[in-house]
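This report refers to the structure that appears directly beneath it.
The values are calculated or read from the model by the stated rules, or taken from the named source; none is laboratory data. On a predicted model such as this, the values are computed, not experimentally measured, just so you know. Because the Cβ atoms are built from the backbone with ideal geometry, glycine has one as well, and the counts that use them run over all protein chains shown. Note: areas computed on protein heavy atoms with side chains; ligands, DNA, RNA excluded. Shrake-Rupley method; radii C 1.70, N 1.55, O 1.52, S 1.80 Å.
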Amino acid sequence: AQSVSQHNHHVILSEAASLELGCNYSYGGTVNLFWYVQYPGQHLQLLLKYFSGDPLVKGIKGFEAEFIKSKFSFNLRKPSVQWSDTAEYFCAVSPSSGSARQLTFGSGTQLTVLP
Amino acid sequence: DTEVTQTPKHLVMGMTNKKSLKCEQHMGHRAMYWYKQKAKKPPELMFVYSYEKLSINESVPSRFSPECPNSSLLNLHLHALQPEDSALYLCASSQRTGGLDEQYFGPGTRLTVT
């Protein structure tokens with residue numbers, strides 16, 4: 001079975017600072033990768049996804065992520081955060097093939113952006 | 001329309017009550033899911049329906065009973081719950097089952113068991 005690790009549990013940044021949230025997964029085969037965001041009081045929304053192709057993917061709201069296969073990583077980045085980016089961020093992974101193609105979430109990273 | 005709706009938004013129930021949570025999507029998605037989310041934790045998969053048939057039950061206690069009346073609706077019937085079942089219950093849908101496609105999540109039902 002696959003697993004996902006998000007090592008940063010709580011990140012606090014000032015506005016305009018750069019962001020990088022770590023995500024590592026464990027699985028022996030090919031995977032699909034996702035970043036979801038949960039703003040306070042709102043539902044989970046997809047930020048970006050990687051299935052294949054260019055390992056650098058761009059998502060909504062200026063976020064991007066890079067898939068590094070050799071490191072089993074899919075880190076989320078944003079060059080300049082805003083106060084409105086305060087939210088919980090979840091990395092998720094699913095196997096690309098096989099019968100157990102279900103989404104597994106990491107434990108989440110709470111991002112607090114100070115104005 | 002990329003919306004998944006859930007009712008009710010909040011539910012308080014006693015341990016002997018029977019209640020139901022409802023989820024609806026009109027995106028033509030053929031896979032629907034129930035997740036349980038505790039505060040500050042990731043969603044935990046409970047059930048997966050694919051083409052209106054239950055395909056995955058993640059060893060969920062029988063006091064939770066899912067139902068998929070048609071391709072747009074998903075219910076979760078609750079009976080004899082325990083206080084530790086208090087959580088946010090999320091419904092999601094996707095075009096295909098598993099992690100092949102983006103899952104669209106509803107706002108959830110905040111359940112409190114007293």
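Below is a table of values for the structure above.
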{"item": "Computed FRET value (nearest 0.05) for A:L114 with A:R77, which takes r as the C-beta separation and R₀ as 22 Å", "result": "0.70"}
{"item": "Between B and A, accessible area buried - total, square angstrom, nearest 100, 1.4 angstrom probe", "result": "1600 Å²"}
{"item": "Cα convex hull of segment B:27-86 - mean projected area over all directions, nm²", "result": "4.6 nm²"}
{"item": "DSSP beta bridges in chain B [antiparallel fraction, %, rounded to 5]", "result": "90 percent"}
{"item": "Cα pair count fraction exceeding 25 Å, expressed as % - chain B", "result": "15 percent"}
{"item": "Rg/Rh ratio calculated on Cα atoms of the protein assembly as shown (Kirkwood radius)", "result": "0.97"}
{"item": "Alpha-carbon centroid distance for the pair segment A:1-80 / segment B:1-50, whole angstrom", "result": "25 Å"}
{"item": "Sequence-separation-based contact order of segment A:1-89, relative, with Cα cut under 8 Å and 6+ spacing, percent", "result": "34 percent"}
{"item": "Spatially proximal aspartates and glutamates relative to B:K22 (Cα-Cα < 19 Å; intrachain offsets below 8 disregarded)", "result": "B:D1, B:E3, B:E44, B:E52, B:E67, B:D85"}
{"item": "Too-long pairs where the Cα-Cα distance tops 24 Å, listed order kept, from A:K58/B:K53; B:K19/B:K53; B:K9/B:K40; B:K9/B:K38; A:K49/B:K53", "result": "A:K58/B:K53; A:K49/B:K53"}
{"item": "Sulfur and carbon atoms: percent of accessible area, chain B [1.4 Å]", "result": "49 percent"}
{"item": "Chymotrypsin sites (Phe, Trp or Tyr not before Pro) lying in DSSP loop within segment B:38-87, provided at most 14 other Cβ fall within 10 Å", "result": "B:Y51"}
